[in-house]
Amino acid sequence: MVVLSQPISENLAEFETCMSNSVIFSEIPIIDLSDTNCKKLIVEACKEFGFFKVVNHGVSMEFLNRFETEALNFFELPQEEKDKMGPPTPFGYGNKRIGPNGDVGWVEYLLLQNNAKTILPGISENLWCLVNEYIPAVKNMTCQVLDMISDELQIEPKDALSKLIRDEKSDACFRLNYYPPCPGRNLVGFGAHTDPQIISVLRSSNTSGLQICLRDGSWVSVPPDHTSFFFNVGDSLQVMTNGRFRSVKHRVLVDSLKARLSMIYFGGPPMNEKIAPLTAVMEEGEESLYEEFSWSDYKKSAYGTRLGDNRLNRFLKSKANYRK
């Protein structure tokens with residue numbers, strides 16, 4: 001069970017603000033990967049929302065259901081069993097704390113390296129096998145989408161984006177988030193933030209809670225769909241497109257009666273990769289909005305901030321020129 005160190009009154013106040021400013025969002029771009037026009041639709045969605053849903057993805061629902069069941073079995077273990085895994089370093093099991101800077105939420109999680117070879121203590125062999133089957137499947141889908149983006153934006157070579165994820169030194173990671181129900185309380189499970197990586201891919205159980213922030217600053221609730229995958233543009237891709245794509249701010253609210261499980265693949269580049277606007281996407285005479293930085297430097301900077309901070313502000317050349 002999650003135990004919060006943050007006063008419930010503060011968390012409740014934030015939740016009430018979230019709910020008062022949120023409506024069900026019915027305009028989420030839906031991308032059918034079998035559609036011959038999907039490249040254009042993906043790029044339009046990345047520009048307008050930084051967020052879209054993928055259907056006809058080819059990942060078996062029978063497999064996804066087995067994975068969800070096995071993951072729920074882990075989180076429903078007695079707390080003392082999960083605590084044997086020890087505090088995350090940063091990988092492993094954790095609860096309530098989100099990063100090292102004081103942020104907390106009503107959440108438990110497993111954070112795993114992309115290429116981890118050794119089973120972590122407390123994780124069943126079945127769960128470990130499913131993780132290692134899931135990650136390559138989602139990675140391949142992610143690379144397919146990135147190749148479509150490159151093709152539509154006329155970036156050469158076509159794998160300019162996907163090769164950063166396919167690289168054996170890619171700093172990709174995988175996270176399972178579990179939000180237990182909290183009867184009688186209204187809580188924020190995971191506070192508002194953007195993802196620092198290139199792109200992230202979410203699949204969740206059929207429980208509501210995910211919200212995204214639109215360009216006008218309003219928050220909207222994403223209807224759950226356990227049969228599909230949701231893509232988030234990350235900070236790094238916003239920089240690489242010189243602000244054309246937007247890194248979407250998102251958060252999770254807790255359902256008071258139903259648990260929520262989410263599986264997130266974070267597509268990160270190699271640690272030494274330089275992140276800067278790509279010349280192929282820029283018009284003649286267009287200036288770069290961002291200073292060049294390495295992924296290692298940005299990751300260090302991002303994880304040294306609070307969850308809700310605008311991490312890219314530090315790397316903007318001129319806020320006056322930022323494309324809104």
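Which ones in segment 143-157 are open to solvent by 20 Å² or more (accessible area, probe 1.4 Å) and within 18 Å of residue 41 (Cβ to Cβ)? Don't jump to the end; show me each part of the working.
Within segment 143-157, the first condition is being open to solvent by 20 Å² or more (accessible area, probe 1.4 Å), and the residues that meet it are 144, 147-148, 151-154, 156-157.
Scanning segment 143-157 gives 144, 147, 148, 151, 152, 153, 154.
Restricting attention to segment 117-133, does a residue exist that is more than 20 Å from residue 260 (Cα to Cα), hydrophobic (A, V, I, L, M, F, W, C), assigned to a loop (DSSP other than H, G, I, E, B) and open to solvent by 20 Å² or more (accessible area, probe 1.4 Å)?
yes
Tally the residues that are outside any helix (DSSP H, G or I) and open to solvent by 70 Å² or more (accessible area, probe 1.4 Å), restricting the search to segment 160-176. Spell out the reasoning first.
Step one: list which residues in segment 160-176 are outside any helix (DSSP H, G or I), which gives 160-161, 167-176.
Next, from what is left, pick out any that are open to solvent by 70 Å² or more (accessible area, probe 1.4 Å): 168-169.
Total satisfying the criteria: 2.
May I ask you to list the residues in segment 93-116 that are in contact (Cβ under 8 Å) with a residue 40 or more places away in the chain, not in a strand (DSSP E or B) and not β-branched (Val, Ile, Thr)?
Residues satisfying the conditions are 99, 100, 101, 102, 103, 114, 115.
Going by the structure shown, is residue 52 over 16 Å from residue 151 (Cβ atoms), at pLDDT 95 or above and not in a loop (DSSP other than H, G, I, E, B)?
yes
Only one of 195, 147, 151 is part of a helix (DSSP H, G or I) and closer than 29 Å to residue 62 by Cβ; which?
Being part of a helix (DSSP H, G or I) and closer than 29 Å to residue 62 by Cβ holds for just one of 195, 147, 151, which is 147.
Suppose the filter is open to solvent by 80 Å² or more (accessible area, probe 1.4 Å) and not β-branched (Val, Ile, Thr); does residue 70 pass it?
On the way: open to solvent by 80 Å² or more (accessible area, probe 1.4 Å): no; not β-branched (Val, Ile, Thr): yes.
When the stated conditions are applied, residue 70 does not pass them.
Among (1) part of a loop (DSSP other than H, G, I, E, B); (2) open to solvent by 10 Å² or more (accessible area, probe 1.4 Å); (3) on the phi < 0 side of the Ramachandran plot, which single condition is residue 202 missing?
Residue 202 satisfies every listed condition except (1).
List pairs: first in segment 130-152 and under 11 Å from residue 265 (Cα atoms), second modelled with pLDDT of 95 or more and hydroxyl-bearing (Ser, Thr, Tyr), Cβ under 7 Å, 6+ apart or cross-chain?
Final answer for the pair search is 135/265; 138/265; 139/265; 142/265.
Filter segment 294-311 down to the residues that are of a type outside the set (Phe, Trp, Tyr) and open to solvent by less than 30 Å² (accessible area, probe 1.4 Å) and list them by number. Spell out how you get there, then give the answer.
Of segment 294-311, the ones of a type outside the set (Phe, Trp, Tyr) are 294, 296-297, 299-302, 304-311.
Answer for segment 294-311, where residues must be of a type outside the set (Phe, Trp, Tyr) and open to solvent by less than 30 Å² (accessible area, probe 1.4 Å): 294, 301, 302, 307, 311.
Count, please, the residues in segment 75-115 that happen to be within 22 Å of residue 137 (Cα to Cα) and either in contact with a Cys (Cβ under 8 Å, 6 or more places away or on another chain) or open to solvent by less than 60 Å² (accessible area, probe 1.4 Å) (or both).
8
What is the number of the single condition among (1) under 23 Å from residue 32 (Cβ atoms); (2) in contact with a helix residue (DSSP H, G or I) (Cβ under 8 Å, 6 or more places away or on another chain) that residue 220 does not meet?
(2)
Would you mention how many residues in segment 38-64 are open to solvent by 70 Å² or more (accessible area, probe 1.4 Å) and over 20 Å from the mean Cα position of the chain (by Cα)?
4
The values are calculated or read from the model by the stated rules, or taken from the named source; none is laboratory data. None of these values were measured; they are calculated from a predicted model. Cβ sites come from the backbone with ideal geometry, for glycine too, and all protein chains shown count toward neighbours. What goes into the accessible areas is simple: the full protein's heavy atoms, side chains included, and nothing from ligands, DNA or RNA. Shrake-Rupley method; radii C 1.70, N 1.55, O 1.52, S 1.80 Å.
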